[in-house]
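See below for the structure under consideration.
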Amino acid sequence: FKDYSISKGIFGSDWNGFSNFNFFFSSGHALRVSFNTIYLNTIFIVLGTITQIAVAILLNEIRSKWFKKVTQSIIFLPYFMSWVVVGVIALGFFDSQTGMANSVLQSVGAQPISWYTTAEVWRPLLAVFYVWKWAGYGAVIYLAVITGIDEQYYEAAVIDGAGKWQQVWYITMPCLLPTVIILMLLAIGRI
């Protein structure tokens, strides 16, 4: 609602009214931009949640404390990288000339792909890098919830003959549900 000027600050800047909204909706791209925003963020939230829960469950199953801590730290590391660094990593993988992906494609006899000029590959690539960057953060939160689940539930399930997957499905997942809802709401707020 403001025509922001850094020298005037937020309260000293001139009132802009609804002209930004008028520009957006009269541009002819409002529907496409809105669809892409909702579509991509739905993919990010759904794939991110599934990946974070899966990583947390797998980390919980690691019995070596040293290996668990190292793995957890490595998985959490991308969260601390800026998106610029993630972009440089993506460039290293998908550069048309020197990227690792095209080198692998050429080594198996396939034609290289111009990743940065092919629109169809951008949605999956954005999803992959977004999930990779946020997987460690969510996994640590879900792992904290999993470690807080009372062991008596699992002991009772073992006595009743439940296997590992049944324990995950009938004990771990229901106990994670409140956290899943809260993190999904926070992810929606990040949109």
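Step by step: first the residues of the range 126-154, then only those that are in a helix (DSSP H, G or I) and free of Cβ contacts under 8 Å to residues at least 24 places away in the same chain, then the one that is nearest to residue 65 (Cα to Cα). Which residue is that? The qualifying residue nearest to residue 65 (Cα to Cα) is 144. On the basis of being outside any loop (DSSP other than H, G, I, E, B), surrounded by 11 or more Cβ atoms within 10 Å (Cβ to Cβ) and without any contact (Cβ under 8 Å) to a residue 40 or more places away in the chain, does residue 20 make the cut? Taking the combined requirement at face value, the residue satisfies it. Tell me, which residue of the range 103-145 that is β-branched (Val, Ile, Thr) and under 30 Å from residue 187 (Cα atoms) is surrounded by the most Cβ atoms within 10 Å (Cβ to Cβ)? Checking each candidate, the answer is 131.
Summed over the range 162-181, residues that are among the aliphatic types (A, V, I, L, M), more than 23 Å from the chain's Cα centre (by Cα) and assigned to a helix (DSSP H, G or I) total 1. Applying a threshold of 6 Å to beta carbon distances and a minimum spacing of six or more residues, or different chains, the list of pairs starting in the range 25-48 at a residue that is open to solvent by 90 Å² or more (accessible area, probe 1.4 Å) and ending at one that is aromatic (Phe, Trp, Tyr) is empty.
Anything in the range 49-76 that is part of a helix (DSSP H, G or I), among the basic types (Lys, Arg) and open to solvent by 70 Å² or more (accessible area, probe 1.4 Å)? List them, or say none.
Passing the criteria: 65, 69.
The condition of being in contact with a Leu (Cβ under 8 Å, 6 or more places away or on another chain) and polar (S, T, N, Q) holds for residue 49.
Of the residues in the range 77-102, how many are in contact with a Phe, Trp or Tyr (Cβ under 7 Å, 6 or more places away or on another chain) and either among the small types (Gly, Ala, Ser) or open to solvent by 40 Å² or more (accessible area, probe 1.4 Å) (or both)?
6
Screening residue 111 against (1) touching a residue at least 24 places away in the same chain (Cβ under 8 Å); (2) over 24 Å from residue 41 (Cβ atoms) leaves a single unmet condition, (1).
The values are calculated or read from the model by the stated rules, or taken from the named source; none is laboratory data. This structure is a prediction, so every number in the text was calculated from the model and none was measured. Quick reminder, even Gly has a Cβ in these numbers, built from the backbone with ideal geometry, and neighbours come from all protein chains shown. SASA here: full protein model, heavy atoms, side chains in, ligands and nucleic acids out. Shrake-Rupley method; radii C 1.70, N 1.55, O 1.52, S 1.80 Å.
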